[in-house]
């Protein structure tokens, strides 16, 4: 779970780095503001528009993701190291369907399927949803670190290979982020009346920026010289504090004209604490077998 929320932080930071080198100092302040307090909330919503996207649009309108971070010591998140408590909420119409927490290296999960049927295209029979809801719905489960560790491969060779691959993936990801950051910094930006920033660029420029990284991973990959479409990045601020960011990609949708896909983030620093839920059922190997066999809890 920690990898998920760290990825979210990296994505937000990359988006906030947009808009040109002449405002680099103010943008660095905006990025730094993410970790300037003991708590942080990032609310993510997606959008899609264009011909032939009606179903996807109706689904994205109902779904959102909330990522929360809290330093129990009260110090800024930037000084927390690995002691940050985290929470990820997957919401349907504002109601949590999945709630994931990481507190003191233990993971906790609560699933509530009550609102799942309101998502267009979800065709799970009501009786089946009710049966699952009866067993796990609305209940907290604790997944101890010991259980996760016991499920990992025991082979030292496998472990070494996994570590090597993880290190390689990190290098590739850094190269890609560095390439995109350089592109964003060198592309013209617009300062909006409220002090926010916006930038539009071409997808061709993105592909060209990423080509060295792609070739380094797969030298035989054929990369097109041009790619139709554009991207738009925005950063909203209040003084030197980041309050939101977004990215929208517009490209041809086959023969049906253009389609746009967007991701928006609103950022807050509300005093929300993240603690281990009380009364959580501890997941054990025997309990897992019980659930798998359908015998219940």
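The values are calculated or read from the model by the stated rules, or taken from the named source; none is laboratory data. It should be emphasised that the depicted structure is a prediction, and the values quoted were computed from it without experimental measurement. Don't worry about glycine lacking a Cβ; one is built from the backbone with ideal geometry, like all the others, and counts go over all protein chains shown.
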Revision key, fill the gap. How many residues of region 219-240 are under 30 Å from residue 75 (Cα atoms) and surrounded by 17 or more Cβ atoms within 10 Å (Cβ to Cβ)? The answer is 4
Practice item. Could you check region 55-145 for strands (runs of 3 or more DSSP E) lying wholly inside it with 1 or more residues that are at pLDDT 90 or above and closer than 29 Å to residue 31 by Cα? Key: 63-70, 85-92, 95-103, 106-111
Check your understanding: Is it fair to say residue 242 is within 30 Å of residue 33 (Cα to Cα), under 20 Å from the mean Cα position of the chain (by Cα), assigned to a strand (DSSP E or B) and in contact (Cβ under 8 Å) with a residue 40 or more places away in the chain?
Key -> yes
Check your understanding: Pick from 98, 63, 92, 84: which is touching a strand residue (DSSP E or B) at 6+ places or on another chain (Cβ under 7 Å), within 30 Å of residue 121 (Cα to Cα) and crowded, with 19+ Cβ neighbours inside 10 Å?
Key -> 92
Practice item. Return the total of residues in region 168-208 being part of a strand (DSSP E or B) and either under 25 Å from residue 240 (Cα atoms) or under 23 Å from the mean Cα position of the chain (by Cα) (or both). Key: 7
Practice item. Could you tell me which of the residues 52, 46 is at pLDDT 60 or above, part of a loop (DSSP other than H, G, I, E, B) and surrounded by fewer than 18 Cβ atoms within 10 Å (Cβ to Cβ)? Key: 52
Review point. Got a sec? Which of 126, 131 is surrounded by fewer than 18 Cβ atoms within 10 Å (Cβ to Cβ) and within 30 Å of residue 284 (Cβ to Cβ)?
Key: 131
Practice item. Hey, could you check region 159-218 for residues that are surrounded by fewer than 12 Cβ atoms within 10 Å (Cβ to Cβ) and in contact with a strand residue (DSSP E or B) (Cβ under 9 Å, 6 or more places away or on another chain) and say which is nearest to residue 235 (Cα to Cα)? Key: 194
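Matching residues to (1) over 20 Å from residue 271 (Cα atoms); (2) free of Cβ contacts under 8 Å to residues at least 12 places away in the same chain:
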| position | (1), (2) |
| --- | --- |
| 73 | no, no |
| 89 | no, no |
| 97 | yes, no |
| 102 | no, no |
| 105 | yes, no |
| 114 | yes, no |
| 123 | yes, yes |
| 132 | yes, no |
